[in-house]
1. Note down all Cβ pairs under 7 Å where the first residue falls in the range 11-39 and is basic (Lys, Arg), the second is part of a strand (DSSP E or B), and they're at least six residues apart or on different chains.
2. Return the only residue of 19, 42 being at pLDDT 95 or above, over 17 Å from residue 71 (Cβ atoms) and in a helix (DSSP H, G or I).
3. Pick out the one residue from 62, 35 that is assigned to a strand (DSSP E or B) and either in contact with a strand residue (DSSP E or B) (Cβ under 9 Å, 6 or more places away or on another chain) or not charged (D, E, K, R) (or both).
Amino acid sequence: MAALASLWNGRLYGLEIIRFLENQSQLILAEGTIYPILNRLRAEGLLASEWVEAEAGHPRKYYSLTDPGRQRLHEMAEAWASFAGGLTRLLGPVLNHSRTIRSTEDKQEVQP
C-alpha cells in the first residue's frame, strides 16, 4: 500500500519512491526490497512503468498508478483507516494510563 500511495500525486522512479517513503512515513526500504514490490504491482496491473532518458546519467524507470491501481489503493486506504481507528480505540486506555503514570511521576519529582 505504501508503494502505491507514494505514486498518488504522480510518477516517480525507484530511488524517489524510497526517499518519499522514508521522508513521509519513516518507512525505510532498501533498493533490493522496493524493486520486487514494484515489479509485482506492475504485473498485477496496478502500476505502469516507462523508461525515461535522464539529462545526466542513465535512463530511469518511472512508475505510475493505473486506474485499477488508484482504485485498489483507495480500497486499501479505507480498510487501513478502519483498522487503524479500531487499534487507536483499543490502545486509548493504555496510552491514557501511561500518561497518568508519567504525570504522577513528574509530580513526585517536583515535591521536596
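1. Short answer, once both residue conditions are applied: 11/62; 11/63; 11/64.
2. Working: 42 fails: over 17 Å from residue 71 (Cβ atoms).
Answer to the check: 19.
3. Numbers: 35 fails: assigned to a strand (DSSP E or B).
Of 62, 35, the one residue that is assigned to a strand (DSSP E or B) and either in contact with a strand residue (DSSP E or B) (Cβ under 9 Å, 6 or more places away or on another chain) or not charged (D, E, K, R) (or both) is 62.
The values are calculated or read from the model by the stated rules, or taken from the named source; none is laboratory data. Since the structure is predicted, the reported quantities are computational estimates derived from the model, not experimental observations. Positions of Cβ are backbone-derived with ideal geometry, glycine not excepted, and every protein chain shown enters the neighbour counts.
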